[in-house]
Amino acid sequence: MLDSAGQLIGMNTMIYSKSGQSAGIGFAVPSSTVHRVVPQIITTGRAEQVGMGINIDPSGRVERRLRAKGVVVLGVKEGGPAAKAGLVGVKEENRTLVVNDIIVAIDEQPVKDYDDLYNILDQKKPGQKVKVTLQRGDEKRTVPVDLVLLDAP
């Protein structure tokens, strides 16, 4: 997609259409992502993604069920940056699952859901340190976390 001055603002990736024509809901990738990812794909054959060594549910089912604002940390990779920063995933206590950390902000940018988390991390690079604000019970705290390049799926 181009703006009125002919500058790239996004790239259409697909159109969902019940009629089979080019009318319906269009999906696009922001130009900042295209400019970041295309050179990576050309150079390495894949797009790089940064993270902090946590497991989350991209569909947001857990958050919806709990009516939580933020992203629930389901698990933490042993020895990873999140573990080193003290993040704690969901634990089982007395045959009940207990939610510990919910990410509510990164670098003071609010994280309401997976999309917010992904969009914030998409602007970061491996090796950067971010301030992750967590909600654990009634306590809110901010911890520094180093970002790493995630392994390819």
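The values are calculated or read from the model by the stated rules, or taken from the named source; none is laboratory data. What you are looking at is a predicted structure, and each value in this text was computed from that prediction instead of being measured. Backbone-built Cβ (ideal geometry, glycine too); neighbour counts: all protein chains shown.
Filtered by the rule that a residue be part of a loop (DSSP other than H, G, I, E, B) and over 19 Å from Lys140 (Cβ atoms), the range 57-93 gives Asp57, Pro58, Ser59, Gly60, Leu74, Lys77, Glu78, Gly79, Gly80. Condition (residue is part of a loop (DSSP other than H, G, I, E, B), among the acidic types (Asp, Glu), within 26 Å of Arg67 (Cβ to Cβ) and touching a helix residue (DSSP H, G or I) at 6+ places or on another chain (Cβ under 9 Å)) applied to the range 120-143: is it met by at least one residue? Among the residues of the range 120-143, not one is part of a loop (DSSP other than H, G, I, E, B), among the acidic types (Asp, Glu), within 26 Å of Arg67 (Cβ to Cβ) and touching a helix residue (DSSP H, G or I) at 6+ places or on another chain (Cβ under 9 Å), which makes the answer no.
Yes or no: the range 94-102 includes at least one residue that is surrounded by fewer than 14 Cβ atoms within 10 Å (Cβ to Cβ), among the acidic types (Asp, Glu) and assigned to a loop (DSSP other than H, G, I, E, B). Don't jump to the end; show me each part of the working.
Taking the range 94-102 first, the residues surrounded by fewer than 14 Cβ atoms within 10 Å (Cβ to Cβ) are 94-98.
In the following step, the residues that additionally are among the acidic types (Asp, Glu) were identified as none.
No, every residue in the range 94-102 fails to be surrounded by fewer than 14 Cβ atoms within 10 Å (Cβ to Cβ), among the acidic types (Asp, Glu) and assigned to a loop (DSSP other than H, G, I, E, B).
Report, by residue number, each residue of the range 102-127 that is at pLDDT 95 or above and more than 15 Å from Val73 (Cα to Cα). The answer is Asp107, Glu108, Gln109, Pro110.
Checking the conditions here, which among Ala23, Ala28 is outside the structural domain of Gln135 (by TED's automatic domain parsing), loosely packed, with under 12 Cβ neighbours inside 10 Å, modelled with pLDDT under 90 and among the aliphatic types (A, V, I, L, M)? Let's see the steps before the verdict.
On the way: Ala28 fails: loosely packed, with under 12 Cβ neighbours inside 10 Å.
Of Ala23, Ala28, the one residue that is outside the structural domain of Gln135 (by TED's automatic domain parsing), loosely packed, with under 12 Cβ neighbours inside 10 Å, modelled with pLDDT under 90 and among the aliphatic types (A, V, I, L, M) is Ala23.
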